[in-house]
Amino acid sequence: MRPPAIIDCDPGQDDVMAILLGGRLLDLRAITTVFGNVSLEQTTRNARQVVEFAELTGIPIAMGMAQPLVRDIQHASEIHGETGLDGPTLPPPSVPLVEEHATDVIIARTREIEGLALVPIGPLTNIATALHRDPSLAARVPQISLMGGSLTFGNTTPTAEFNIWCDPEAAHVVFTSGIPIKMIGLNVTRQVAATPERRAQIRSMGRRTSGIVADMLDFYSERVRALTGVPGGAMHDPLAVAALVDPDVLRFEPMHVAIELRGTHTYGMTVCDARHLHVTDLTPTRANGHRGAAPNAEVAVGANPDRFWEMFLDALASYP
Ligand code: RIB
Ligand code: CA
């Protein structure tokens, strides 16, 4: 059974991989867009282009928040290119947007659809704004599976991951909402990289969609390599989809996660209380001596890259 879900995104090449995986493994009831990798206008245009080239045109797309709740707006075009989807040449989108604002879609669909999960894979501004506009939302969302944060170190700063860093105040609203959260952070997403071998495997599929995906991942990976020396862009966002459908792709441990809102060097850090975990294999110790705050999230501490790639390549092969 495909779980009903909304993907909230800022495409971004890796967001595209999440939409393609979600288009097959989720009962994808809407795609909502938010600023992030590039401007809201551009992320929304990109989401429309994905839905078109993948022939997912039945899925409603709604535009959301254009800037963070409090801080100044930031983007990541150095990684994703000026359009946010650099790599392939895609025709201008023609699929229309729904009239409703993304936060109205999140509020309304969670009222209408039993068990509707949220999969935020960009800044959490839409989710936080929906919670502010309708506080009862927290009681009816059974699961958030988000790409964001890190159990260890950051990417945009030494301590903060981009999605959280883009709007730490929004992340604080979500992590204090009481909604069950699966947090898929850099500490596991970095283990699932689009290596040259994986990209050659994708290109060898020889289909229209797999060719577009290969072009996107080649561009994204080259930017990542040039900036970090790592030979493959991480498949950050599709892991948040995989976490909803296959319990064996990632291993989670419950812990308290606080969002740093004041630190000079740590603004936007996900401060994960992992003191109850063994330092080596991150399994829970029998002793639970520390008196930390009660867990408010399941944090991904391990990944099974081969299982993820099997799932992703199967889904990709089903596209035209
Ligand atoms: O830090 C990785 C996250 O930032 C991913 O969601 C990527 O798309 C960017 O938004
Ligand atoms: Ca993203």
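Each residue of segment 295-300 was assigned a 3J(HN,Hα) from its phi angle through the Karplus curve 6.51 cos²θ - 1.76 cosθ + 1.60 (θ = phi - 60°); the sequence is x, 10, 7, 9, 9, 5 Hz, with glycine and proline shown as x. Working from Cα pairs under 8 Å separated by at least six residues, relative contact order for segment 1-138 is 32 percent.
How much length is gained if the chain between Ala258 and Leu282 is pulled fully straight, taking 0.36 nm per residue apart and subtracting their Cα-Cα distance, in nm to one decimal? Don't skip to the answer; put the middle values down first.
Numbers: separation 24, 0.36 × 24 = 8.64 nm, distance 1.89 nm.
Stretched fully, the Ala258-Leu282 segment lengthens by 6.7 nm.
Modelled this way, with points 7 Å down the Cα-to-C-beta line, the labels at Glu310 and Glu99 are 4.8 nm from one another. Each Cα pair under 8 Å and six or more residues apart adds its separation to the average, and for the chain the resulting relative contact order is 20 percent.
Once both labels are positioned 7 Å from their Cα atoms along Cα-to-Cβ, the gap between Ile113 and Asp27 label points is 0.8 nm.
For Ile181, the amide hydrogen comes within under 5 Å of the amide hydrogens of Ile144, Glu298, counting only partners 5 or more places away or on other chains and with H modelled in the peptide plane. Short-range pairs are left out: with C-alpha atoms under 8 Å and at least six residues apart, the relative contact order of segment 87-226 is 23 percent.
Quick one, can you get me the convex hull of the C-alpha atoms of the chain expressed as volume per residue in Å³? Before the final figure, lay out the partial values.
Numbers: hull volume 41.1 nm³, N = 320.
Enclosed volume per residue, from the Cα hull, is 128 Å³.
Evaluating 6.51 cos²θ - 1.76 cosθ + 1.60 at θ = phi - 60° for every residue in segment 15-32, the Karplus couplings come out as 4, 4, 5, 5, 5, 5, 5, x, x, 10, 9, 10, 8, 6, 8, 6, 10, 10 Hz, glycine and proline recorded as x.
In terms of packing, defined here as the mean over residues of other Cβ atoms within 10 angstrom, the peptides 29-41, 74-86 line up highest first as 29-41, 74-86. Model label sites at Asp248 and Ala138, defined 7 Å from Cα along the beta-carbon direction, differ in position by 3.7 nm.
Since every read-out is calculated from the coordinates, none of them should be taken as a lab result. All values derive from a computational prediction rather than experimental measurement. All Cβ positions, even for glycine, are placed from backbone atoms using ideal geometry, and neighbour counts span all protein chains on display.
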